[in-house]
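A.B. asks: This is the structure, below, for whatever I ask next.
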Amino acid sequence: MTFGEKLQQLRQQAGWSQDLLAEQLDVSRQAVSRWERDETLPETEKVVRIAQLFDVSLDYLLRQEQEEAEKASPRNGEQTGQAGQGPCHGQDNAPSSEEKEERPLARLLRFLERRWYLFVGWGLIFWGLADILPLLFVLLAANQAMGNIIGTIAGGGALLAS
Amino acid sequence: MQMASNALPVTLFLSLIATPLLKVVAGVLILYFGHRHWKNNRSENG
């Protein structure tokens, strides 16, 4: 199995889309697509991150020979348990329940780390709008009050004229 | 007295209109440049 095939298999087993994986790795979806098609290889840092995300060893991800050797000697494959499919020395490659619990918070923190400007920007915009809106209400109310006053004056003037 | 009457509209303008508008503009600029920076720095090839 090539790196791309393994990556695609791991991603699909985890039920992730290319978009989600791309977001987790801070790369474009096109980059993930190219990795899966074995057109390019990710940087070392990304490979480490992929191994962490899917709880597999770097060895499994990068070594094609290991898999082929296992196929050649099925006994060896039996000894390593799920080594053929489950890549991390017999461990299930689905994330553990503990990891699943930690993920949303960790994901949020990573998202904040990368896209902090979204929070600052939208925060400022809403803060500014929240300051302006009461002023608009005051202006509207004042306008209405002024209208009433003018109306009263005009009414009074009309009465006087008649 | 003259100064106080001149300062009032300026203060009102700054506190009621200019500062909130500045916040909105700053927010929009941060979003724009932040997104541009993030997009440029995002690795295309991993």
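The values are calculated or read from the model by the stated rules, or taken from the named source; none is laboratory data. Everything numeric in this text was worked out from a predicted model, so none of it was measured. Neighbour counts run over all protein chains shown; Cβ positions are idealised from the backbone, glycine included.
A.B. asks: Kindly check whether there is at least one residue in segment A:91-104 that is modelled with pLDDT of 85 or more and either surrounded by fewer than 10 Cβ atoms within 10 Å (Cβ to Cβ) or under 20 Å from the mean Cα position of the chain (by Cα) (or both).
C.D. replies: no
A.B. asks: Does A:Ala51 satisfy the criteria of being facing chain B (nearest Cβ under 10 Å) and in a helix (DSSP H, G or I)?
C.D. replies: no
A.B. asks: Of all residues in segment B:12-44, how many are under 18 Å from A:Arg29 (Cα atoms), out of contact with any Phe, Trp or Tyr (no Cβ under 8 Å at 6 or more places or on another chain) and facing chain A (nearest Cβ under 7 Å)?
C.D. replies: Qualifying residue count for the region: 3.
A.B. asks: Collect the residues in segment A:6-42 that are of a type outside the set (Ser, Thr, Tyr) and not in a helix (DSSP H, G or I), keeping them in residue-number order.
C.D. replies: Residues satisfying the conditions are A:Gly15, A:Trp16, A:Asp26, A:Val27, A:Arg37, A:Asp38, A:Glu39, A:Leu41, A:Pro42.
A.B. asks: Of all residues in segment A:4-30 being surrounded by 19 or more Cβ atoms within 10 Å (Cβ to Cβ) and closer than 22 Å to A:Arg63 by Cβ, which is nearest to the other protein chains (Cβ to nearest Cβ)?
C.D. replies: Among residues in segment A:4-30 that are surrounded by 19 or more Cβ atoms within 10 Å (Cβ to Cβ) and closer than 22 Å to A:Arg63 by Cβ, the one nearest to the other protein chains (Cβ to nearest Cβ) is A:Leu25.
A.B. asks: So, A:Ala51, is that one surrounded by 12 or more Cβ atoms within 10 Å (Cβ to Cβ), at pLDDT 85 or above, of a type in the set (A, V, I, L, M, F, W, C) and in contact with a Leu (Cβ under 7 Å, 6 or more places away or on another chain) or not?
C.D. replies: yes
A.B. asks: With the checklist (1) at pLDDT 80 or above; (2) over 26 Å from A:Val27 (Cα atoms) in hand, flag the one item A:Ala161 doesn't pass.
C.D. replies: (1)
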